[in-house]
Structure formats: structure tokens, C-alpha cells
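To start, the structure itself, in C-alpha cells.
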Amino acid sequence: MQWRDEGLVLGGRKFGESGLILDVLTRERGRRSGLVYGGASRKKRAQYEPGNSVDLSWSGRLEEQLGRFDVAESSKQRAARLIDLPLALNAVASICALLRGAINEGDHAGSYMFEATEMLLDSLDDTAVWPALYVRWELGLLSALGFGLDLEACAISGENDGLTHVSPRTGRAVKGSVAEDYVSRLFPLPRFLIDPMAPATEVDIANGLTLTGYFIERRLFNTMNRDLPEPRRRLVAKLGARP
């Protein structure tokens, strides 16, 4: 059997002398892997850097078995464009590590993240924009995998205005004014996550990363007996959020 698709390179591992088992997020088929003959050679290595876009075809006997990728020249080599932006490269590493760790091979739910991931990767040369997009992207990852937070209305009053915090137990928004007795145990809710017109300060970004990281770790990675990927921890440290 055979199929063609667009893919975002998530990483790979060497196979044999010069082969590469390439891991990609595809537009239509979620996260997939395939063997690329000669993919680990010096000539082709730059093409398969994490974050690059590729057009590829997969062929194999059975869908659930490791097949072969035939890959055209990468249509976007983002790693090369970001070579002088170490924080952006750290973001690429975090994005790819989260997708590889949280989405199982062949899980079509990963396709829901394709366009959002592509847009985020294309924004990483704009330091004024991408940190807020990154936090929203992590919220989207939780939602795509069935663990989305409920930020629409207060879990206590049912009101949808004045939302300021999120419960670590339920993942629901809360108005701090009606939760005064235990507000110290809640996560601050950055305004930019519920109001697209609100600015995102450095404190907001840090609070957003703390919020999403808590639920990504407990609802995704802990259930698979995995730790949060180290690239994500490094990014959090550099952006000033609590681990």
C-alpha cells in the first residue's frame, strides 16, 4: 500500500550505516514514521532537521508496520533560517519533543495539530509574537488529545466575565472574587488566553507556561509514565516560568 502527504519533521534516528527512521507529523495521517534510505548521510542531513516541511510518500506492506518514505526536497528549512535565534531553536525542539512524546504513532488526532504547528513554526523569527502563540499551541495540544481546559465560564458561579484563575483539580476557569478562600491554590489565568485582543506580558507568558505545563505533565505524560521532555523544561527556564 502507498500514500502521499505533507509532513513536519519531528526528528529521526539513524538506522544502519546511512539510513534514517524519520518521524513526522502529517497533515492527514497524524504522527508517522518511515525509513529513508541514505537519510543520515551528510548530503541529506540538513533536509531532515526538526521543524522542516517535507512532501513525502510512504509505501509498505501493512499500515501498522514500518514502511519506507520517499521524500522530496524540503519545502521549508526552518532550522537554517533560525540558526541565529537560539531561543527560537529551543522552541522548535520543545514543539517536536512534545508532539513525539504525547502523540502515538499512527494516531490521527495528531492531524488536528498540523496547521497550528505549521503556523507556530513560521512565526518563530518574530520574538514579539511567538511566545504567546506557543502557549496557545500547548492549550491546543491538550484539546486535540481530549484533555482541553474549560476557560469559558466560572466553575463556581457559572458567569463568563472576570475570569482570573484556573483550578488545578478540574482545569476549569474560576473568578478569583468568588474563590477568595483558596485562590492561592489556583493558577493565574493570563488574560490573552481568553481575550485575543489582550496583550501578553512576560509575566503572562510565564503564567501561561506554568498552567499548560501542569496539565500537559499530569494529563498526558504522567498517564504514559513519561516525564516532560527536557527541551520543554529548558524553554520554560529561559522564558521565566516555574517548572
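Can you name the residue in the range 199-243 that is of a type in the set (Asp, Glu) and in a helix (DSSP H, G or I) and, of all such residues, is nearest to Leu149 (Cα to Cα)? Spell out how you get there, then give the answer.
Initially, the range 199-243 is screened for residues of a type in the set (Asp, Glu), giving 202, 204, 217, 227, 230.
Restricting the remaining residues to those that are in a helix (DSSP H, G or I) gives 202, 204, 217, 230.
Working: Glu202: 22, Asp204: 17, Glu217: 14, Glu230: 24 Å.
Step by step, filter the range 199-243, then rank; the result is Glu217.
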Restricting the range 1-53 to residues that are within 18 Å of Ala97 (Cα to Cα) and among the small types (Gly, Ala, Ser), which is surrounded by the fewest Cβ atoms within 10 Å (Cβ to Cβ)?
Ser53
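Considering only strands (runs of 3 or more DSSP E) fully contained in the range 1-88, which possess at least 1 residues that are in contact with a Ser or Thr (Cβ under 6 Å, 6 or more places away or on another chain), on the phi < 0 side of the Ramachandran plot and at pLDDT 90 or above? Reasoning before the result, please.
Numbers: elements: 2-15, 19-26, 30-36, 53-59, 67-71.
So the answer is 2-15, 19-26, 30-36, 53-59.
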Would you mind telling me which numbered condition in (1) within 21 Å of Ala102 (Cβ to Cβ); (2) outside any helix (DSSP H, G or I) Pro196 fails?
(1)
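Of everything in the range 129-150, what is assigned to a loop (DSSP other than H, G, I, E, B) and surrounded by fewer than 21 Cβ atoms within 10 Å (Cβ to Cβ)? Give them in sequence order.
Filtering the range 129-150 for residues assigned to a loop (DSSP other than H, G, I, E, B) gives 129, 145-149.
Within the range 129-150, Val129, Leu145, Gly146, Phe147, Gly148 qualify.
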Residue count, the range 201-243, condition of a type in the set (Asp, Glu) and within 16 Å of the chain's Cα centre (by Cα), comes to 3
Which pairs have Cβ atoms under 8 Å, sit 6 or more apart or on different chains, and link a residue in the range 112-134 that is under 14 Å from Arg81 (Cα atoms) to one that is assigned to a helix (DSSP H, G or I) and of a type in the set (D, E, K, R)?
Leu121/Arg78; Asp122/Arg78; Leu124/Arg78; Asp125/Arg81
The number of residues in the range 155-200 that are within 21 Å of the chain's Cα centre (by Cα) and among the hydroxyl-bearing types (Ser, Thr, Tyr) is 0
Of all the residues that make up the range 69-95, how many are surrounded by 15 or more Cβ atoms within 10 Å (Cβ to Cβ) and more than 20 Å from the chain's Cα centre (by Cα)?
3
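The values are calculated or read from the model by the stated rules, or taken from the named source; none is laboratory data. Computed from a prediction, not measured in an experiment: that's the story for all the values here. Quick reminder, even Gly has a Cβ in these numbers, built from the backbone with ideal geometry, and neighbours come from all protein chains shown.
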